[in-house]
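Engineer: To start, I am sharing the structure in question, which I have written as structure tokens.
Please treat every number below as a calculation from the coordinates, not as lab data. Since the structure is predicted, the reported quantities are computational estimates derived from the model, not experimental observations. Every residue, glycine among them, receives a Cβ derived from its backbone with ideal geometry; neighbour counts consider all protein chains shown.
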Amino acid sequence: MNTGPNVAIIGRPNVGKSALFNRIARRRIAIVHGEPGITRDRISTEAEAGGKKFTLWDTGGIIGGGETELTDQVRASAERAMKDSDLVLFVVDAQEGLNPIDSDLARFVRRQRKPVLLVVNKVDHSTHEPYSDEFAQLGFDKAFSISAAHGTNIRELLSEIGRLLPNGSETAEYRIADAFKVAIVGRPNAGKPSLINALVGNRRSIVSELPGTTRDSVDIQYEREGRHYVFIDTAGIRARSKHSSSVEVFSVMRAEKTIDRADICVLIVDTAEGVKRQDRRIAGLIQKARKPCIILLNKWDLVRPSRNQRGAMEELIGSARAELFFIDYAPVLVTSALTGEYADRIFKMIERVRRGAQAHIGTGKLNRLLHAAIASNPPAMRGGKRLKLFYATQAPDEGQRPIPPPEFVLFVNAPGLVGDPFARFLESKIREAEPYIGLPVLLKFRARTEGQ
């Protein structure tokens with residue numbers, strides 16, 4: 001599922017594809033770094049040129065990018081991007097000059113029989129202009145000398161992109177803002193790309209045994225039974241002491257920001273290894289961000305016993321709940337992303353969480369249950385004062401988020417008297433009336449004097 005026409009950026013490693021991607025997108029999405037092969041996967045975003053909206057794809061460096069065992073997958077990912085595209089931006093490096101790999105790649109691109117714009121990047125100064133002339137021998141009709149870093153000639157490039165693109169079908173479009181943004185988070189090598197591939201039935205994310213294969217947050221659009229999703233495959237989050245490079249540190253920062261951007265988070269735990277300290281840290285990030293959450297115990301295929309599989313599942317789920325007790329609102333599922341076993345359950349659970357977000361507790365019922373709870377378990381005196389609840393109501397959903405957590409406003413004599421343990425007690429009572437599975441319950445305490 002995409003939004004209108006598609007434009008793919010391709011080229012050998014470190015020619016500035018990600019910098020051009022960010023420049024056209026008008027925001028920093030792809031990681032830009034001097035190390036070759038940073039972008040291993042396809043990254044997409046919505047963009048616009050000449051009044052036409054399109055999906056822009058950044059691809060991994062096709063030849064020699066990253067570890068040897070990833071090269072074939074990077075090439076295959078870029079090939080798929082070109083196959084699905086209406087226009088190809090073939091990027092070369094003016095400062096390095098024509099490279100034999102550029103010539104090989106040019107022949108490969110021409111075989112795709114797609115409209116191609118040759119983009120001669122890194123013309124950062126007028127003295128670099130003569131360097132771009134030698135790329136004429138690649139034989140492309142349209143060539144643009146640009147500086148993605150400085151924005152030079154980007155407007156002219158966008159104008160040509162808009163001219164060449166077909167008009168997208170309005171009926172086929174949907175805005176990413178209207179989709180459920182599902183962040184797939186977890187430690188490195190827990191199976192995040194494999195899960196997305198199992199869910200969408202298309203090898204869109206690169207799968208490798210190398211930890212840290214996904215360095216960017218990769219948005220993957222998908223439609224299922226009339227519902228639109230954006231799966232965000234994030235870089236694996238490691239303890240900061242184990243970051244091997246500045247790129248990895250930046251990837252972790254991007255993953256943490258992805259949690260904030262998501263409508264719902266799926267925390268993947270490697271069942272074969274069990275819940276680790278870093279899993280608890282990631283769960284803590286989700287809890288701090290007050291995001292809906294589902295916990296997924298992956299690699300069931302590695303631990304599945306020959307007998308009493310149901311009992312083994314229940315034991316795994318119980319152990320995970322005990323380790324991640326502080327995010328107890330999150331349901332726990334067991335799956336194998338490799339085999340696809342039980343993977344579809346995630347869609348049913350997302351829908352269940354979504355329906356739960358629409359549940360509303362009537363004001364009368366809410367006040368009766370909270371007053372009864374406080375009467376049966378009065379809060380302790382603090383500073384010679386005792387907490388009094390005057391009135392409570394569930395805040396209306398303003399419709400700004402696809403899966404809004406339930407929010408309750410409690411008018412009390414002094415909000416400072418509410419400690420965390422008592423707030424959790426009140427939350428538990430609310431959940432007895434409405435479980436709100438997968439959703440954090442937000443309590444806001446406001447001051448009010450008696451008689452107001």
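Engineer: Would you mind classifying region 272-361 by shape? Square roots of the alpha carbon gyration tensor eigenvalues, ordered a ≥ b ≥ c; an a/c under 1.5 is rounded, otherwise it is prolate if a/b is larger than b/c and oblate if not. Show your work: numbers first, answer last.
Structural biologist: On the way: a/c = 2.00, a/b = 1.36, b/c = 1.47.
Verdict is oblate for region 272-361.
Engineer: Given an 8 Å cut-off on Cα distances and at least 6 residues of separation, report the relative contact order of region 308-452 as a percent. Walk me through the numbers on the way to the answer.
Structural biologist: Details: 161 pairs, mean separation 38.3, N = 145.
Over region 308-452, the number comes to 26 percent.
Engineer: Right, next: With the crude spin-label approximation of a point 7 Å out along Cα→Cβ, what separation in nm comes out for Phe425 versus Ala136?
Structural biologist: Going by the 7 Å Cα→Cβ label model, 8.3 nm.
Engineer: Ok, one more. What is region 363-447's relative contact order, in percent, from Cα pairs under 8 angstrom and six or more apart in sequence?
Structural biologist: Numbers: 100 pairs, mean separation 28.7, N = 85.
With pairs under 8 Å counted, the relative contact order is 34 percent.
Engineer: Mind ranking 103-112, 181-190, 264-273 by how tightly packed they are, going by the mean number of other C-beta atoms within 10 angstrom, highest first? Mind showing how you got there, number by number?
Structural biologist: Numbers: 103-112: 15.5, 181-190: 24.6, 264-273: 22.9.
Going by the mean number of other Cβ atoms within 10 Å, highest first, we get 181-190, 264-273, 103-112.
Engineer: How high is the FRET efficiency from Arg224 to Ala289, r the C-beta distance, R0 35 Å, rounded to 0.05? Intermediate values should be presented prior to the final figure.
Structural biologist: Details: r = 25 Å, r/R0 = 0.73.
Taking R0 as 35 Å, the efficiency between Arg224 and Ala289 is 0.85.
Engineer: Could you sort the peptides 283-291, 114-122 by per-residue average Cβ neighbour count (10 Å cutoff), highest mean leading? Walk me through the numbers on the way to the answer.
Structural biologist: Working: 283-291: 17.9, 114-122: 22.1.
Put in order of decreasing packing, that is 114-122, 283-291.
Engineer: Here is the link list: Lys288/Lys348; Lys257/Lys444; Lys192/Lys429; Lys291/Lys385; Lys53/Lys288; Lys83/Lys291. Which ones come out longer than 30 Å on Cα distance? Spell out each step's value before the answer.
Structural biologist: On the way: Lys288/Lys348 25 Å; Lys257/Lys444 24 Å; Lys192/Lys429 35 Å; Lys291/Lys385 34 Å; Lys53/Lys288 36 Å; Lys83/Lys291 37 Å.
Check vs 30 Å cut-off fails for Lys192/Lys429; Lys291/Lys385; Lys53/Lys288; Lys83/Lys291.
Engineer: Could you list the residues of region 324-362 with an amide nitrogen less than 19 Å from a label point located 7 Å from the Cα of Glu432 in the Cα-to-C-beta direction?
Structural biologist: The answer is 328-329, 360-362.
Engineer: Can you compute the charge dipole magnitude of region 363-447 about its Cα centre, using +1 on each Lys and Arg Cβ and -1 on each Asp and Glu Cβ, nothing else charged? Give it in debye, rounded to the nearest 20.
Structural biologist: Values: 12 positive and 7 negative charges, 86 e Å.
Computed charge dipole of region 363-447: roughly 420 debye.
Engineer: Grab the beta carbon distance between Arg155 and Gln358, set R0 = 51 Å, and tell me the FRET efficiency rounded to 0.05. All intermediate terms of the calculation are to be shown ahead of the outcome.
Structural biologist: Numbers: r = 45 Å, r/R0 = 0.89.
Once rounded, the FRET efficiency stands at 0.65.
Engineer: Work out how much length Lys365 to Arg386 would gain on full extension: take 0.36 nm times their residue separation and subtract the Cα-Cα distance, in nm to one decimal.
Structural biologist: On the way: separation 21, 0.36 × 21 = 7.56 nm, distance 2.35 nm.
That pair, Lys365 and Arg386, stretches by 5.2 nm at full extension.
Engineer: Ok, one more. If you take the charge dipole of region 363-447 about its Cα centre, with +1 on Lys and Arg Cβ and -1 on Asp and Glu Cβ, which of Leu442, Pro404, Ala373 is farthest toward its positive end?
Structural biologist: Ala373
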